[in-house]
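Only the coordinates and a few stated rules stand behind these numbers; no lab work does. Because the structure is a prediction, the values reported are computed rather than measured. Note that we place each Cβ from the backbone using ideal geometry, even for glycine, and neighbour counts take in every protein chain shown.
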Amino acid sequence: MISPSIICSLTSCGQLPDNQICNTTDTNYQLSVQVAGDELIGSWQSDAMPVYTNKVYEREHRIQAEPWGAYTRHNEIWRHVYNMDGELVKDEYITENHALMMYEPLLAEAAGSTADMQQA
């Protein structure tokens, strides 16, 4: 089964799109998403039997203070691909995310999570 192509940026700046999804197959798909705590949980439903399951995750996440006073967020998006027996068959790179943050990441409630801050 070929799944829809997904180009994903988890944050956006200005009028740029957050997510772009293009189904180039003959199979119908439905994307369902929900927020649970600090995680975005999503699933695809389809009228075709699945051959693989995926778990999308991030690597190399960092927030960077820029010289002009703003902050940028950077990470890589990857996925684990499992066969229907639950065995990992592939660890696949999807995309990178480099975004200008539109809020101050060091607000009082986030002050305890400054360990990943890196100065430019």
| remark: Note: Val51 to Val81 extended length (0.36 nm per residue) minus current alpha-carbon separation gives 9.8 nm
| Rough spin-label spacing in nm, given labels placed 7 Å along Cα→Cβ, for Asn23 and Glu58 | 2.8 nm
| message | Starting from the 7 Å offset along Cα-to-Cβ, what nm value, one decimal, do you get for the label separation of Trp44 and Tyr93? | response | 2.1 nm
